[in-house]
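Reading through the C-alpha cells given below for one structure.
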Amino acid sequence: MDTEELIRKCQAINIKEEDKAKITLEVNLEKKKEQMMAGCLMGKVMLAKGVNKEGLKAALQQVWRTFKEVKIESVGNNIFMFKFTEEADKKRVLKGGPWHFDRALIVLAEPKGIGEVVKQSFTHTSFWVQIRNVPLACMDKDFLRDLGGKIGSVEEVQTDDNGDCIGEYARIRVSINITRLLERILFLKQEGETDIPMPVVYERLPDFCYCCGIIGHQYKECGKYQDQPRGDLPYGSWMKAITVEGFTKRNQNKGRWNYGAGKSDEKSASSENHSF
C-alpha cells in the first residue's frame, strides 16, 4: 500500500482518541527544518514501472559529477530525496537539467514546507527550446521573451557577448508545465500577409507521447492511441533538438549521451542502460 492510500485510510478513522496522537511542531525545530530542506531536492522519475534506487544513483553519479557525494533516498512512488553537501552542486544540477533515467524525465523540485511527500508538486521542468524560422527583425531579446512566454515561464534568452540574439534559431530556457501538451509550432501574424510558422524543438527531450504530446507515457500507453502508424501521429522524434554539445560529441565520436531527432539517435539512446 502506498503512502497516499495509507493517509486516506487513516483520515477515514473517526475516533476521539486520535487527538491524543497529535503532536505540535516545536518552534525551535523550524530552523533545523529550514537548514535540512535547503540542501535537498526532490525528484520524480516519470516511469510507470518501479525505479531501482541503486541503479538511479549509479547513473546520476556518472552524469552529475558533483564535487561531493549526493545522498539519495527513496520516499515512494518513484520519488526520491537528493541531499547535497555543497550548495554549488545543487544549483549546478538544477541549472544543468533536464535529466533523464531510462529514457524518462526526472522532474526535480525544491521541497515545499516541511517536505510532506504527498504535497510536493512535480509538474514543471525547465528546457532549452529552439524556435526556428524566426524573422531577423524579430531576433530581439524582449520579443523573444514574449515569444517564449507562449511556451512556458521564460528563465533566460540566450544572447552573444554583445547581447544580440542573431543566429540560426532563437534559444530560450523555459519552465514548462509537463502535464500539458508540448507546443509544436508558433505563428507570427502579419497584417495582410501569410502567418509565419515557427517550429519549436526541445533540447534533451525525453520519451513522450507522440499521440497526445504529453511527457510521462508513450503513445502505445495512451488512451487516445488507435493503432495508427507512428508516422501518422501528430508528434514525433522530430521535436527533439540536437544540442550544441551533442552535435560536437557526435562529430568527435565521443558522445555517450545523445539528444537528437531521428532514428540514429533513438537507436543510440536505447543501447544504453541509462540515458540522460
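Structural remarks
- Taken over the stretch 134-144, the residue count meeting the criterion of being surrounded by 13 or more Cβ atoms within 10 Å (Cβ to Cβ) and either modelled with pLDDT of 95 or more or hydrophobic (A, V, I, L, M, F, W, C) (or both) is 5.
- Close pairs from the stretch 204-227: first farther than 17 Å from Ser175 by Cβ, partner part of a loop (DSSP other than H, G, I, E, B) and of a type in the set (Val, Ile, Thr), Cβ under 9 Å, at least 6 apart: Cys222/Ile214
- Condition check for Phe80: touching a residue at least 40 places away in the same chain (Cβ under 8 Å) and among the aromatic types (Phe, Trp, Tyr): no
- Screening the stretch 91-120 for residues that are part of a loop (DSSP other than H, G, I, E, B) and among the charged types (D, E, K, R) and picking the one that is nearest to Gly76 (Cα to Cα) gives Glu116.
- Check on Glu73, over 25 Å from Phe208 (Cβ atoms), part of a strand (DSSP E or B) and not assigned by TED's automatic domain parsing to the domain that holds Ser175: yes
- Looking across the stretch 209-231, the residues that are touching a Leu at 6+ places or on another chain (Cβ under 7 Å) and closer than 16 Å to Ile176 by Cβ come down to Cys212, Gly213, Ile214, Ile215.
The values are calculated or read from the model by the stated rules, or taken from the named source; none is laboratory data. In this text, all values refer to a predicted model and were calculated from it rather than measured experimentally. Cβ coordinates were reconstructed from backbone atoms using ideal geometry, including for glycine residues, and neighbour counts include every protein chain displayed.
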